[in-house]
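The block underneath contains the structure these notes are about, expressed in C-alpha cells.
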Amino acid sequence: MTHVEHVPARQAGDVRWPEWVDQRLVTRWANHGISGLWPHQAEAAESLHRGQNVIIATGTASGKSLSYLVPALSAVLDGGTVLYLSPTKALAADQLRSLRELDPPELRAAVYDGDTPFEERAWTRRYANYVLTNPDMLHRGLLPRHSQWSSFWRRLRMVVVDECHGYRGVFGSHVAQILRRLRRICARHGSSPTFMLSSATASEPEVFAMRLTGLQMAAVTTDASPRGATTFALWEPPLTDLRGEGGAPIRRPATAESADLLADLVASEVRTLAFVRSRRAAESVALTTRARLQDLVVGAGAPADLPGKVDAYRAGYLAEDRRALERALRSGELLGLATTNALELGVDVSGLDAVLIAGWPGTRASLWQQAGRAGRDGQDALAVLIARDDPLDTYLVHHPEALFGRPMETIVLDPANPYVLGPHLCAAAAELPLTHDDLDVFGPAAKEVLADLVADGLLRERATGWFWTSRGRATDLADIRGAGGAPVQVVEMSTGRLLGTADEASAHTAVHTGAVHVHRGETFLVVELDLEAGVALVEAGTPDYTTFARDVTDISIIESLASHALGPGELHLGSVEVTNQVVGYLKRRAQSGELMGEEPLDLPPRTLRTRAVWWTLPASAVAALAGEGLDLGGAAHAAEHAAIGLLPLFATCDRWDIGGVSTELHADTGLLTVFVYDGHEGGAGFAERGYARARDWLTATREAIVSCECERGCPSCIQSPKCGNGNEPLDKAGALRLLAVLLSPDGSPLPEHTTDMTART
C-alpha cells in the first residue's frame, strides 16, 4: 500500500420541491422516502422547466436521476413524450425498473433496444410516452424509421442523455452526430425538445455538452448531496522473481492481486465490486476468487456456499443473465462481482461496502465513478486502486497528488472528424434529403465533406439539396462503437454455437489464430481466423497461459498543422498515415505473467490516416549524447513507450487508443523523431490534447521513468505490452537524458528528480 487517502463525509443541503411539481408525483416520491430536491437537483430541474438545456456534472450517488425525472415526468403528465438515452442496456433496464417501482400516473415507459422483442417494439412505437434506448438503436432503428414514430416526435418535450461522460473520442464523435440527426428529425416533425445531460464531474462540462449536442448549455456542478466517508488506498503489486523481455523484473498481475483481495473481502462478508479492464479479466478474477474461497472451505471450514457468492459481469451476456446478476448483487445473494466498466454507470447496486479497481480506468472521472459505487445511502466505503505493470499506473500510485484534489479531465471528442461526419451525413440524407438549411446543424465542416461524398458517388446533389440514392442502408457506413468493417463472428467449431462477435479492427489482436478467448468462464483457443469469411473458429481448452498480440508500425507525415519550439527541438501536430501489421503473439503464464514464448502470425497490414503529435531533436542537440555512447534509437524508443503510457493522464483516452513510432532518423524529418498518434481513422482528439499539454505530459513521462525502482527498464516504466520489436532496443538512462534535453530551454540536462509539484502532476 503506497498511500491512503481519507475523503471526509459531506453533509446534505436543504431539500424542497419546486412549486410546479404535480402533487401526485410528490406523494409517490414521499412514499419512497424522498422528501424533496437538494439544491443542485432543484437548480437543474428549474432550468429545464424554463426550457433551458442543462448538463449536471456531479459525483456518483448525487441524485442526478431525480434532477431529470422531475421535469421529465412533469412533461409526461402534460401530454408530452420523453426520450432517454444511456450508453448501456443495463442502465436503461435499471431506469425502467425504478420508474415502474415509482409507478407515476399516466406513464407508459418502455425500453427499446436490441433485446426488445418484436411485438413489444410495435407497442412502444404506438403508445409509449417515455422511451429508454441507446445511441446504437437511435442510430439504426428510430431515426431511419422516423415516420413510424411521428406521434412520438411531434410531442417530444425532453431528451435525457445519461452518463454522457462516456461519450468521448471516436464513439463520442459518432454520438454527437446522431444527436444532430435527432434534432433535425424533431424539427421536421414540429418539436424542439430541451436536452438534459447527466455526467460525472468533468472540466468545463458546458463546453463538452455544447460539442456533443451543438446546443448552448447551462452547467450545474455544485454537489449538495450527503456522502459517507471513503478510505481510498493505492496499492502496488510486488515485484516477483520472474523475468520478462530483456531480463526485466515482472510485478504480480493486478488481476491476481484483485482476486486475493476480493476473496478476503467476500470471506469477511464485505459486499464488493472488482472493476477490471477487459471481459477476459472479469472471467479470470471471478474464477480465481472462487478457487481461493474453495480453499477456505476445505482448509478453514468456511461455509460451503461461499464460492458461489462470487460471479462475473460483463457485456456479451444475455440480457436475462445480466438482470439476474444485478438482482443477486442488490439482494446480497452475491457478495462479490468481478465486472468490466459495464457496472461503472448508474445501475443501482446499492448496499456495497467496497470497490477494487484493477488498473487505472482511464480518467479521474471514471475512477471516482467506480469508487462511488460503494458507500451509498450515507455509508462509509473502501476503495482500492491496484496498479497494473504499466507506466501510468506506477506513476499514479507513487504520485497521489495527481489523483486527489485535482480537477477532472476535459472530455475530448471531434464531431468534425470527416470519417465520422461523412457516414452520418449519408444517414441523414437517407432519413430526409439534406437541404442547405440543414448544414448549420452539422457544423462548418459539413459542406466540404458533402462535396467529397458527392464525388465518391455516395450522395447525389440537386438544386434542392443532397439525396441518398443507394439501395443499401446508409446507417451501415457508421460503426459507432468500432473502427469500421463488418464484425467477426466467434463460433465454436465442434457445435457451431455463436459465442459472440469482435469488431473487424480488434479481431487481429483479440481473436487471431492461437489466441486464448474466454467466454462466461469457459476458455477457448482460436483455431483459425478467417477474415474473408468474417469468422473466428474456436475450440474449448484449458491453457495455463494468456496471449498478447504483437505488431509493427510504420508512419509517414502527410502535413504538419501546427508547430512550435520545445527546448532545442520542435513539437508538431499534424496528419499522418500509419501502416500497422500484427506479426505475432506472446504467451504469458496466467497467474504470474511470466513470458513463455512468442509465436509468429501472418495477417495483412492495416492502414489508417489519423492525427499525431511528434517531436524532433536536431543532430546538434543529440550529438553529445551519442558521443557518450548512449543508444539514441533505444533512448527514443523508451521515451516513446513511456509517453504513450502517460498521455491518458492528460487526454481522456486509454493507451490502447493510441500508438507510437520512434526513430533515430525519420525519412520525412531527417531528424530523431518520436510520434504518438490516435489509433482511430481521422483522429479522436487525443493528439491535440498531447500537443496542448506537451510540457506537462513529457515532464510527467520523465518523472515516471525516474521514480521506477528497476535498473534497466521494465513494464512499469519503459516496456510496452504491444511493442512489435520485442521491447528492443530500449535505453532507460538514454530516455532520461533525451527528455532532459528536450524539456530544458537551452538543451542542458534537468536535475535527476523533479521537485516542483506542478510540473510533476
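Annotations
- Test: residue in the stretch 573-586 that is touching a Ser or Thr at 6+ places or on another chain (Cβ under 6 Å), surrounded by fewer than 18 Cβ atoms within 10 Å (Cβ to Cβ) and among the hydroxyl-bearing types (Ser, Thr, Tyr): yes
- Looking only at the stretch 202-222, and only at residues there that are in contact with a helix residue (DSSP H, G or I) (Cβ under 6 Å, 6 or more places away or on another chain) and under 22 Å from residue 404 (Cα atoms), the one that is modelled with the lowest pLDDT: 202
- Per the conditions (1) closer than 22 Å to residue 48 by Cα; (2) open to solvent by 10 Å² or more (accessible area, probe 1.4 Å); (3) over 22 Å from the mean Cα position of the chain (by Cα); (4) charged (D, E, K, R), the sole criterion not satisfied by residue 227 is (1).
- Restricting 501, 523 to residues that are open to solvent by 20 Å² or more (accessible area, probe 1.4 Å), modelled with pLDDT under 85, among the polar types (S, T, N, Q) and within 29 Å of the chain's Cα centre (by Cα) narrows the list to 501.
- Here residue 533 passes the criteria (1) within 29 Å of residue 733 (Cβ to Cβ); (2) open to solvent by 50 Å² or more (accessible area, probe 1.4 Å) except the one numbered (1).
- Members of the stretch 396-424 found to be farther than 21 Å from residue 231 by Cβ, touching a Lys or Arg at 6+ places or on another chain (Cβ under 9 Å), open to solvent by less than 10 Å² (accessible area, probe 1.4 Å) and outside any loop (DSSP other than H, G, I, E, B), listed by number: 424
- Among residues of the stretch 99-147 being of a type in the set (Asp, Glu) and outside any loop (DSSP other than H, G, I, E, B), the one that is most open to solvent (accessible area, probe 1.4 Å) is 119.
- Positions within the stretch 682-741 being farther than 23 Å from residue 629 by Cα, aliphatic (A, V, I, L, M) and open to solvent by less than 10 Å² (accessible area, probe 1.4 Å), in sequence order: 684, 687, 694, 698, 700, 704
- Check on residue 515, under 27 Å from residue 425 (Cβ atoms), modelled with pLDDT of 90 or more, within 27 Å of the chain's Cα centre (by Cα) and open to solvent by less than 20 Å² (accessible area, probe 1.4 Å): no
- Residue 478 under 30 Å from residue 428 (Cα atoms), open to solvent by less than 50 Å² (accessible area, probe 1.4 Å), at pLDDT below 95 and within 21 Å of the chain's Cα centre (by Cα): yes
- Residue within the stretch 450-463 that is out of contact with any Gly (no Cβ under 6 Å at 6 or more places or on another chain), closer than 22 Å to residue 212 by Cβ, modelled with pLDDT of 95 or more and not aliphatic (A, V, I, L, M) present: no
- Leading residue by the ranking (most open to solvent (accessible area, probe 1.4 Å)) among those in the stretch 202-212 that are outside any helix (DSSP H, G or I) and not hydrophobic (A, V, I, L, M, F, W, C): 204
- Enumeration of residues in the stretch 511-564 that are among the small types (Gly, Ala, Ser), within 30 Å of residue 594 (Cα to Cα) and not in a strand (DSSP E or B): 514, 515, 521, 541
- Residue that is nearest to the chain's Cα centre (by Cα) [pool: residues in the stretch 252-278 that are of a type in the set (S, T, N, Q) and crowded, with 24+ Cβ neighbours inside 10 Å]: 255
- Residues that are surrounded by fewer than 18 Cβ atoms within 10 Å (Cβ to Cβ) and under 27 Å from residue 695 (Cβ atoms), drawn from the stretch 546-567: 556, 558, 559, 560, 561, 562, 563, 564, 565
- When the residues of the stretch 1-22 are filtered to those that are closer than 30 Å to residue 395 by Cα and β-branched (Val, Ile, Thr), the one that is modelled with the highest pLDDT is 4.
- Hits in the stretch 97-116 (condition: at pLDDT 95 or above and within 16 Å of residue 134 (Cβ to Cβ)): 109, 110, 111, 112
- Enumeration of residues in the stretch 230-251 that are open to solvent by 30 Å² or more (accessible area, probe 1.4 Å) and either of a type outside the set (D, E, K, R) or under 28 Å from residue 38 (Cα atoms) (or both): 231, 235, 238, 239, 240, 242, 246, 247
- Filtering the stretch 153-165 to residues that are part of a helix (DSSP H, G or I) and surrounded by fewer than 24 Cβ atoms within 10 Å (Cβ to Cβ) leaves 153, 154.
- Residues of the stretch 179-201 classified as in a loop (DSSP other than H, G, I, E, B) and modelled with pLDDT of 95 or more, total: 5
Results for (1) in contact with a strand residue (DSSP E or B) (Cβ under 6 Å, 6 or more places away or on another chain); (2) under 24 Å from residue 366 (Cβ atoms); (3) not aliphatic (A, V, I, L, M), shown as yes or no for each residue.
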| site | (1), (2), (3) |
| --- | --- |
| 249 | yes, no, yes |
| 252 | yes, yes, yes |
| 256 | no, yes, no |
| 296 | no, no, no |
| 300 | no, no, no |
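- Pick from the stretch 1-23, criterion hydrophobic (A, V, I, L, M, F, W, C) and more than 28 Å from the chain's Cα centre (by Cα), ranking: farthest from residue 233 (Cα to Cα): 20
- Residues satisfying the stated conditions in the stretch 538-592, i.e. within 18 Å of residue 507 (Cβ to Cβ) and among the basic types (Lys, Arg): 550
- Residue under evaluation residue 361, criteria (1) within 25 Å of residue 657 (Cβ to Cβ); (2) touching a residue at least 40 places away in the same chain (Cβ under 8 Å); (3) part of a helix (DSSP H, G or I), criterion not met: (3)
- Among residues that are touching a residue at least 40 places away in the same chain (Cβ under 8 Å) and either within 24 Å of residue 606 (Cα to Cα) or buried (at least 17 other Cβ atoms within 10 Å of the Cβ) (or both), residue 450 is not included.
- Whenever a residue of the stretch 403-414 is within 13 Å of residue 167 (Cα to Cα), its partners that are among the charged types (D, E, K, R) and in a loop (DSSP other than H, G, I, E, B), lying with C-beta atoms within less than 6 angstrom and at least six residues away or across chains, give the pairs 410/204; 411/168; 412/168; 413/168.
- Contact annotation: residue pairs with Cβ atoms under 8 Å, 6 or more positions apart or on different chains, pairing a residue in the stretch 281-306 that is within 30 Å of residue 510 (Cβ to Cβ) and open to solvent by 10 Å² or more (accessible area, probe 1.4 Å) with a partner that is in a helix (DSSP H, G or I) and of a type in the set (Val, Ile, Thr), are 281/255; 284/255; 288/255.
The values are calculated or read from the model by the stated rules, or taken from the named source; none is laboratory data. Treat the numbers as computed from the prediction; the structure is a model and nothing was measured. Quick reminder, even Gly has a Cβ in these numbers, built from the backbone with ideal geometry, and neighbours come from all protein chains shown. These accessible areas exclude ligands, DNA and RNA; they are computed on the full protein's heavy atoms, side chains included. Shrake-Rupley method; radii C 1.70, N 1.55, O 1.52, S 1.80 Å.
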